[in-house]
Amino acid sequence: MSYPLPGPPPNPADAIDGALARLDGLENVPLAEHVARFDAVHATLTEALSSIDKV
């Protein structure tokens, strides 16, 4: 069983920056893959932003 390490919680800004970076170069990705990329970014942003208010 794995337990979280003690320390400060992860910075949501890091997750947000990482999610937005996944949109870089989107113009070079086949159009059919755009929806999956947007869905992944949306999920990451939703999780990061909801953790700010502990919702």
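Near ASN11, within a Cβ-to-Cβ distance under 14 Å, what is the net charge of the other residues, with Lys and Arg +1 and Asp and Glu -1?
Values: positive: none; negative: ASP14, ASP17, GLU47.
Cβ neighbours under 14 Å give a net charge of -3.
Rg and Dmax of the range 13-55, using alpha carbons, in Å: what are they?
11.6, 36
All of the numbers you see were taken from the coordinates with simple rules; none came from a lab. None of these values were measured; they are calculated from a predicted model. Positions of Cβ are backbone-derived with ideal geometry, glycine not excepted, and every protein chain shown enters the neighbour counts.
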